[in-house]
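For reference, the structure is listed below as structure tokens.
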Amino acid sequence: MTLKKQSLLIAGGGSTFTPGIIMMLLENLDKFPIRQIKFFDNDEERQKEIADACEIILQERAPEITFLATTDPETAFTDVDFVMAHIRVGKYAMREQDEKIPLKYGVIGQETCGPGGISYGMRSIGGVLELIDYMELYSPDAWMLNYSNPAAIVAEATRKLRPTAKIINICDMPVGIEHRMSEILGLQSRKDMTVRYYGLNHFGWWTDIRDKDGNDLMPKIKEHVAEHGYVTPNELVGRPGEEIEPSWMHTYGKAKEVYPLDPKTLPNTYLKYYFFPQDEVALADPEHTRANEVMEHREKSVFSECNRIANIQTAEDAKLETDDHASYIVDLARAIAYNTKERMLLIVPNDGALSNFDPTAMVEIPCIVGSNGPEPLAQGEIPRFQKGLMEQQVAVEKLVVEAWAEGSYQKLWQALILSRTVPNARVAKQLLDDLIEANQGYWPELKDSVKVTV
Ligand code: NAD
Ligand code: G6P
Ligand code: MN
């Protein structure tokens, strides 16, 4: 059977992840044939640097694919089957603010967790809703696969404010951790494992992991995680499969401290920010955060390699790496395009899948994906410990979206107060006032500002 060729739009064409995704798409053309790729970004110059190199790569390796990069929504969104969205509203300059402002108060400064994630959420919601509106206007049958962060808040915003939109929110962290688990087990691929998992985005737990024959793989992984976290056996002997920055190695190692809190399960790495916030603050350099590291490493290397390719007009010796982890994006698009019924972790409305949890919460759980979209798989009752944590965190995410929609200072303050990462209501208010100042032009105006001094 010949597979129908697809037309893709990458929204956030200027992203550091775009070239890796193009390389990954090129490697998967047999499984997911493409007739057209378009880039869309609201920063023409940034996008051009990436697009000029990607155009050369495509011409050399798949000349049958038509390519264009544009900042015009109609040109971008017309005649597309999938919008792959990875925008960063405010770019790294604002990520730096999100990370550094909380650290001034001794609170963790992180892209998606705590006050930094809330701040980023207040910027992202409008940007992603705008992309949905363009897609519905110009290609109403298309699907949006969104990994723009903070995915938890963006997903809640799309559920509440665009309830009928064909958008699926996804995250690569479980995929990345499962890849590590498969290395720990000595398996060929993470796809040799079938998992049960539940939680919110960047806030979840594996409850069951089995091989294709149904054998329980959890004991072996747990034994390793208890001692080494998710640092792989090869990394432990100084032979990493890929270059991992020290801050990520710390995160993988830290999972060994999160694991004992509920040894029945295996934790997502992001839980460290909620259970050990002081440790993360103590480690952080308030003058030099992850945003600085990314600007100095990933952004610099991707853009300089793209510029080099554009200058010499060939990508024959390109040093751009395939983003293997991003192959889940092809799995998801394929599942919808060709009804493959792939089992994947996605961020979807709970709707009873976690039977004792808010049906309106956006949860991260296994789903079977076909042409109609995701069918969530019931994960049953969740224990009191996780339920308590998730109820508090989901309230943070819902309050942020309500604050954005209503322009409510009060609700955003409450969101910050409810975050486990913020020590008290006074610090929450100081943080909020600083974040409002830093986010001028990005956040909606918050109308009911609380004048009291706390
Ligand atoms: P980046 O800053 O390099 O790229 C983002 C691009 O989005 C920029 O070119 C920017 O100009 C563009 N942009 C910003 N606002 C826009 C708007 N309103 N409309 C169109 N374009 C807009 O960022 P990056 O580090 O490459 O990350 C991109 C995004 O992917 C981030 O949101 C990041 O958090 C997310 N991400 C998510 C996952 C996940 O697990 N869900 C994994 C990796 C990255
Ligand atoms: C993981 C998470 C993403 C997050 C990224 C940050 O992949 O799942 O949601 O954006 O890490 O990585 P960075 O290298 O930008 O700090
Ligand atoms: Mn993620």
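Read-outs throughout are calculated quantities, based only on the coordinates presented, and are distinct from any laboratory measurement. This is a predicted model, so every value here is computed, not measured. Methodologically, a virtual Cβ is constructed for each residue, glycine included, from the backbone with ideal geometry; neighbour enumeration extends over all protein chains shown.
Some notes on this structure:
- Semi-axis lengths, largest first, of the ellipsoid equivalent to region 102-142 are 33, 7, 4 Å, with √(5λ) applied to each eigenvalue of the Cα gyration tensor.
- Ranked packing of 302-314, 110-122, 406-418, 335-347, most packed first, by mean Cβ within 10 Å: 110-122, 406-418, 335-347, 302-314
- Here the Kirkwood formula puts the hydrodynamic radius of the chain at 22.7 Å, using every distinct Cα pair.
- Other residues with beta-carbon under 12 Å from the beta-carbon of residue 383 carry, at +1 per Lys or Arg and -1 per Asp or Glu, a net charge of +1.
- The residues packed around residue 255, meaning those with a beta-carbon under 10 Å from its beta-carbon, carry a net charge of +3 if Lys and Arg are +1 and Asp and Glu are -1.
- Leading residue at positive end of dipole, the chain (Cβ point charges), from 327, 271, 386: 386
- Shape metrics for region 184-332, restricted to C-alpha atoms - Rg then Dmax, Å: 18.4, 55
- Derived scalar couplings between HN and Hα for region 377-383 equal 9, 4, 10, x, 6, 9, x Hz in order, rounded to whole Hz, by the Karplus curve 6.51 cos²θ - 1.76 cosθ + 1.60 (θ = phi - 60°), x for Gly and Pro.
- Sequence-distant residues sharing a close amide H with residue 13 (under 5 Å, placed H): 40, 41
- Here the relative contact order of region 229-377, from alpha carbon pairs under 8 Å that lie six or more residues apart, stands at 12 percent.
- Charge-dipole axis of region 25-165 as Lys and Arg at +1 and Asp and Glu at -1 on Cβ define it, positive-most pick from 154, 103, 70: 103
- Region 261-277 - phi-based ³J(HN,Hα) in whole Hz, Karplus 6.51/-1.76/1.60, Gly and Pro as x: 5, 8, x, 6, 10, 10, x, 5, 4, 5, 4, 4, 5, 8, 9, 10, x
- Enclosing the Cα atoms of region 167-270 in their convex hull gives a volume equal to 113 cubic angstrom per residue.
- Highest mean packing comes first when the peptides 210-218, 53-61, 264-272 are listed by Cβ atoms within 10 Å, giving 264-272, 53-61, 210-218.
- From phi via Karplus (6.51, -1.76, 1.60), per-residue ³J(HN,Hα) for region 213-224 in Hz, x at Gly/Pro: 8, x, 6, 6, 9, 4, x, 5, 5, 4, 4, 5
- Computed Rg/Rh of region 180-219, alpha carbon atoms with Kirkwood Rh: 0.99
- Computed over the chain: relative contact order in percent, which uses C-alpha pairs under 8 Å that are six or more apart: 18 percent
- Computed about its Cα centre, the charge dipole of region 81-204 is approximately 280 debye, with only Lys, Arg, Asp and Glu carrying charge at their Cβ.
- Against the compact-protein benchmark of 2.2 N^0.38 Å, the Cα-based radius of gyration of region 44-193 scales to 1.24.
- Long-range HN-HN contacts of residue 354 with modeled amide H, under 5 Å: 379
- Selection from 122, 253, 232 lying farthest towards where the dipole of region 117-256 points positive, charges on Cβ: 122
- Charged side chains reduced to their Cβ positions (Lys and Arg at +1, Asp and Glu at -1) give the chain a dipole of some 1140 debye around its Cα centre.
- Under 5 Å, built H, 5+ apart or other chain: amide partners of residue 169: 146, 347
- Its relative contact order, with pairs defined as Cα atoms under 8 Å and 6+ residues apart, puts region 86-174 at 27 percent.
- All Cα pairs of region 401-454, percent lying beyond 15 Å: 43 percent
- Using distinct alpha-carbon pairs, which all enter the 1/r mean, Kirkwood radius of region 358-454 in Å: 15.6 Å
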